[in-house]
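K.L.:
The structure under discussion is supplied below as structure tokens; questions concerning it will follow.
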Amino acid sequence: MNFDWSKYSTLAQEWKPSDKEELLRCSISRAYYAFYHSLRTFKGMSVGRQKHNNVKDKLKESEDPEEIKLAFHLGNLQESREYADYDSFKKVDANFVNSFFSRLEVAEELFRTLKL
């Protein structure tokens with residue numbers, strides 16, 4: 001049975017209102033990966049190392065301008081996820097998390113329109 005990546009999204013929503021920075025960082029990371037795996041699956045791509053850029057590139061190659069926009073959104077969200085996962089010198093707070101989730105919401109809505 002395949003893993004349901006949307007479970008990451010559920011965890012992200014549970015951790016989002018936390019006042020603990022480690023949970024805020026995890027929330028961003030899990031939400032990003034839930035979205036990333038949705039796009040990867042949508043484009044029929046396998047898993048493996050360095051696939052983030054491959055998924056963005058595949059979206060950019062599309063003739064559909066909405067998929068090209070998704071590539072931009074994925075890149076933007078990836079930057080925030082990397083910040084949350086790797087930058088221990090800068091604080092991740094509720095404002096950063098809310099900004100990330102607002103941008104994710106826009107990207108997810110665009111993705112929903114493509115899947116219709």
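K.L.:
Residue-wise, which Karplus ³J(HN,Hα) couplings in Hz belong to the range 53-66, taking 6.51 cos²θ - 1.76 cosθ + 1.60, θ = phi - 60°, and x for glycine or proline?
P.N.:
5, 5, 5, 4, 4, 4, 5, 5, 6, 5, 8, 8, x, 6
K.L.:
I would also like to ask the following. Pairs of alpha-carbon atoms within less than 8 angstrom and 6+ residues apart define the contacts here; what relative contact order does the range 13-60 have, in percent? Please report the intermediate quantities before stating the final value.
P.N.:
Numbers: 21 pairs, mean separation 11.5, N = 48.
Normalised by residue count, the contact order of the range 13-60 is 24 percent.
K.L.:
Another question, then. What residue among Leu104, Asn2, Ala84 has its Cα farthest toward the positive end of the dipole of the chain, where the charges are +1 on Lys, Arg and -1 on Asp, Glu, each on the Cβ?
P.N.:
Asn2
K.L.:
Within 10 Å, at most 12 other Cβ atoms, and a DSSP state outside H, G, I, E, B define an exposed site. Report the longest part of the chain free of exposed trypsin sites (Lys or Arg not before Pro). Please report the intermediate quantities before stating the final value.
P.N.:
On the way: sites that count: Lys20, Arg49, Lys90, Lys91.
With a cap of 12 other Cβ atoms within 10 Å, the longest stretch comes to 50-89.
K.L.:
Which chymotrypsin sites (Phe, Trp or Tyr not before Pro) from the range 1-101 combine a DSSP loop assignment with at most 10 other Cβ atoms within 10 Å? Write down the numbers at each step before the final one.
P.N.:
Values: sites: Phe3, Trp5, Tyr8, Trp15, Tyr32, Tyr33, Phe35, Tyr36, Phe42, Phe72, Tyr83, Tyr86, Phe89, Phe96, Phe100, Phe101; in loops: Phe3, Trp5, Phe89.
Those that pass, being in a loop and sparsely packed, are Phe3, Phe89.
K.L.:
Can you pick out the pairs among Lys60/Lys91; Lys90/Lys115; Lys56/Lys91; Lys51/Lys90; Lys20/Lys58; Lys20/Lys69 whose Cα atoms lie more than 30 Å from each other? Let's see the in-between values first.
P.N.:
Numbers: Lys60/Lys91 32 Å; Lys90/Lys115 36 Å; Lys56/Lys91 27 Å; Lys51/Lys90 26 Å; Lys20/Lys58 36 Å; Lys20/Lys69 33 Å.
From the list (Lys60/Lys91; Lys90/Lys115; Lys56/Lys91; Lys51/Lys90; Lys20/Lys58; Lys20/Lys69), the Cα-Cα distance tops 30 Å for Lys60/Lys91; Lys90/Lys115; Lys20/Lys58; Lys20/Lys69.
K.L.:
Taking Cα pairs under 8 Å and at least six residues apart, what relative contact order does the range 6-115 come out at, in percent?
P.N.:
Values: 102 pairs, mean separation 31.8, N = 110.
Computed value for the range 6-115: 29 percent relative contact order.
K.L.:
State the answer as a single residue: which of Ala31, Ser46, Ala71 lies farthest towards the positive end of the charge dipole of the chain, with beta carbon charges of +1 for Lys and Arg and -1 for Asp and Glu, about the Cα centre.
P.N.:
Sorting the options by dipole projection puts first Ser46.
K.L.:
Subtracting the Cα-Cα distance from 0.36 nm times the residue separation, let me have the gained length for Asn2 to Asp93 in nm, one decimal.
P.N.:
Details: separation 91, 0.36 × 91 = 32.76 nm, distance 3.34 nm.
That pair, Asn2 and Asp93, stretches by 29.4 nm at full extension.
K.L.:
Going through the range 24-116, which GluC sites (Glu not before Pro) have at most 13 other Cβ atoms within 10 Å and a DSSP loop state?
P.N.:
Values: sites: Glu61, Glu63, Glu66, Glu67, Glu79, Glu82, Glu105, Glu108, Glu109; in loops: Glu61, Glu63.
Hits after loop and neighbour filter: Glu61, Glu63.
All of the numbers you see were taken from the coordinates with simple rules; none came from a lab. These numbers were taken from a predicted model, which means no experiment stands behind them. For neighbour counting, all protein chains shown are included, and Cβ atoms are generated from backbone atoms with ideal geometry for every residue, glycine included.
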